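Structure, as structure tokens:
What follows draws every value from the coordinates through simple rules; no lab data is involved. Everything numeric in this text was worked out from a predicted model, so none of it was measured. Counting neighbours? That spans all protein chains shown, and the Cβs are built from the backbone with ideal geometry, glycine included.
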Amino acid sequence: MVKITSFTTRDVRFPTSLDKTGSDAMNAAGDYSAAYCIIYTDSEYAGHGMTFTIGRGNEIVASAIELLAPLVVGKDLDELTADWGKTWRYLVSDSQLRWIGPEKGVIHLALGAVVNALWDLWAKTLQKPVWRIVADMTPEEFVRCIDFRYITDAITPEEAIALLKEVEGGKQERIKEAEQSQAVPAYTTSAGWLGYSEDKLKALLKDSVAQGYKHFKLKVGANVEEDRRRLAIAREAIGYDKGNILMVDANQVWSVPEAIEWMQQLAEFKPWFIEEPTSPDDILGHAAIKKALENTPHGPIGVATGEMCQNRVVFKQLLQAGALTVLQADACRVGGVNEVLAILLLARKFGVPIVPHSGGVGLPEYTQHLSTIDYVVVSGKKSVLEYVDHLHEHFVHPSSVKDGYYVTPLEPGYSVEMKPESMDQFAFPGEEGKSWWRTEEAKTILEGPRIV
Ligand SMILES: [Mg+2]
């Protein structure tokens, strides 16, 4: 029996704004950050969870973690994991904290960190990676992890069990494939950030092609002429007929009619989908964009969104409205593993592939588990998963890609345990003599003009 005794939070920020890593049409310069939660126990095990943000405001999420984590202190892990659906409902039902959500925004980002820390802890005590815990569940056990409130009009627990049973036949084979790192094909955004020069774009694309990548994503939406130029460079590098797939991402900059017009001007470059064309809350707007782009003179352009979708309810409606070609749930923005499992089931029900959001520190570490779960247990079909090759060196078990596939994590846990020295080095505002944020170099960010 493992009892939770205490917790700590950390505010960790990496100064990625210095080189424009992560820059797009909406986010000029982010400092990739983690609002971090460590859950301690009366055993040798500690659970590590984090939520990804891009800098300012990370301390608000860390404060919200401090309000939520006491809900699990003093509890037995066995008790919390015996009926996960009930535990999850308990964690979203503090009525005073619920008022500042409910189940969305900062409080939900914080819940993601706490719930994911619990899964990490559970996985360590079971000596399994998180994906394997779920792969070893029966359909009934899987479904018991989920709080079905608000989604039973789209999928009931009974229906979910039936869907999972349909693909159970090939599960052992797929587990073997996962163990051989053949479950999750990777794609890269490393070349595509908007702040990069055309030369850097060219060089990075060439590099990615040489590494065996087949999917490439570029940021768009700042200037249509520039977008056309960058997409032409990209197509020159990856070709039209070599099986390489191009995707574009606008990070919510457009209104609905603008999204349609802009994408019609990019249609000749044949993108598979436009990601986040408009507000993540605009369900009918996404549906309208998808419908309008179904028949361009150059073929269809799909619609993808999810990295800023608040919860399973929004995903349910996007699916019900036929608004999605691809669903991109985030591992932290929704309330952790359990809510993602609900979203995977919804996607399966509506026949939409999932490509979880991975553009951020720690996200590939998380999403490699989620995509593996989707392939092995839920959809039985391979999809692709974004791999951004930044900042992995700060993790004890960093995610990696080999021969175009994610290397399946086999170590116990949820893979986001950060090295203690990295946490100290990038703690914000940090300690004098320890933290980068106390150095001369940091003054460029701290005292320079604020890049909004
Ligand atoms: Mg995106």
* **E179-E258 pseudo-label distance in nm [points 7 Å out on the Cα-to-Cβ vector]** => 5.2
* To do: Mind listing the long-range amide H neighbours of E386? Cut-off is under 5 Å, sequence gap 5 or more, other chains count too, H placed in the peptide plane at 1.01 Å from N.
  => Y187, S358
* How far is it, in nm, from the label point at T296 to the one at V224 when both lie 7 Å from their Cα along the line to the Cβ? -> 1.1
* Asked: Where a ≥ b ≥ c are the square roots of the eigenvalues of the C-alpha gyration tensor, would you call segment 167-407 rounded, which needs a/c under 1.5, or, failing that, prolate if a/b is larger than b/c, or oblate?
  -> oblate
* **Relative compactness, the chain, computed as alpha-carbon Rg over 2.2 N^0.38 Å** => 0.94
* Structure fact -> Contour minus Cα-Cα span, A82 to E66, at 0.36 nm per residue, comes to 3.3 nm
* Asked: Near K3, which lysines are there with a Cα under 17 Å away, not counting those fewer than 8 places off in the same chain?
  -> K75, K124
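In units of 2.2 N^0.38 Å, what is the alpha-carbon radius of gyration of segment 270-386?
Segment 270-386 yields a ratio of 1.00.
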* Asked: Scanning the chain for GluC sites (Glu not before Pro) in DSSP loops with at most 12 other Cβ atoms within 10 Å, what's the longest stretch left with none?
  -> 45-430
* Asked: I100 versus V452, label points 7 Å from Cα toward the beta carbon: distance in nm?
  -> 2.3
* Cross-link list K128/K434; K20/K270; K176/K200; K171/K270; K291/K402; K86/K291: which exceed 32 angstrom alpha carbon to alpha carbon? -> K128/K434; K176/K200; K171/K270; K291/K402; K86/K291
* Asked: For segment 79-188, which chymotrypsin sites (Phe, Trp or Tyr not before Pro) are both in a DSSP coil and crowded by at most 14 other Cβ atoms within 10 Å?
  -> W99, Y150
* To do: List every residue whose amide H lies under 5 Å from the amide H of S43, counting only residues 5 or more places away in sequence or on a different chain, with H placed 1.01 Å from N in the peptide plane.
  => K3
* Structure fact -> Residue-ordered couplings for segment 44-50, obtained by feeding phi - 60° into the Karplus form 6.51 cos²θ - 1.76 cosθ + 1.60 and rounding to whole Hz (Gly and Pro as x), are 6, 9, 10, x, 10, x, 8
* How much length, in nm to one decimal, is gained on full extension between R144 and K3, taken as 0.36 nm per residue of separation minus their Cα-Cα distance? -> 48.6 nm
